[in-house]
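Taking it in order: structure first as structure tokens, then the write-up.
Only the coordinates and a few stated rules stand behind these numbers; no lab work does. This structure is a prediction, so every number in the text was calculated from the model and none was measured. Ideal geometry is used to build each Cβ from the backbone, glycine not excepted, and the neighbour counts take in all protein chains shown.
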Amino acid sequence: MAKKKIDNEIFKTLIEDYNIKDTNDIKDMLKDLLSGTIQTMLEAEIEHELGYAKHSMKDKTTSNARNGHSKKTVRSEYGNIDLDIPRDRNAEFEPQIIPKYQREITGIEGQILSLYAKGMSNRDIEDHLNNLYGIDEYT
């Protein structure tokens, strides 16, 4: 994967948006970035599982459908992260990025944040982690 140079404007925007004044503010920002990436990956997983994008009924080839979300809190080195785990009506969906019953995500967060620091997009990070963990079924 090619290393991307991050535009300094991204950092300036994040500093302004999060009103960063100290390292605790930086941790809060990193926690939000981590949470957003994981949430995006979970949505991509359910989309792959069902075989169609949300609100795209014309592509639907299954009787299974989305069935809301379940709340889940996982521990990370940046504190607790609240996630909305997608569900399906047939209860066949098994999340890969954070498997059922897993409550701690230390380890993966460092990888995600490192990839952000290299300027990778959510989609690039998702592809990288899919390759890293051998989960390439929804790329």
query: Roughly what angle does helix 122-132 make with the longest principal axis of the chain, taking Cα atoms, 0 to 90 degrees, to the nearest 10?
result: 70 degrees
query: Which FRET efficiency, nearest 0.05, do Lys100 and Ile26 yield, Cβ-Cβ r, R0 25 Å?
result: 0.20
- line: Measuring from the longest principal axis of the C-alpha atoms of the chain, the long axis of helix 8-17 (C-alpha) lies at a number of degrees, nearest 10, equal to 80 degrees
query: Among rounded, prolate and oblate, which fits the stretch 72-124 when a ≥ b ≥ c are the square roots of the eigenvalues of its C-alpha gyration tensor, a/c under 1.5 means rounded, and a/b larger than b/c means prolate?
result: oblate
query: Looking only at Asp88, Asp22, Asp127, which one moves most when the chain is put into a Gaussian network model with springs between Cα atoms under 10 Å?
result: Asp22
- request: Rounded to the nearest 10 degrees, what's the angle between the helix 108-117 long axis and the longest principal axis of the chain, both from Cα atoms, 0 to 90?
  value: 60 degrees
message: I want to check a number: in the chain, how many lysine pairs have alpha carbons closer than 24 Å, given a sequence separation of 8 or more or different chains?
response: 29
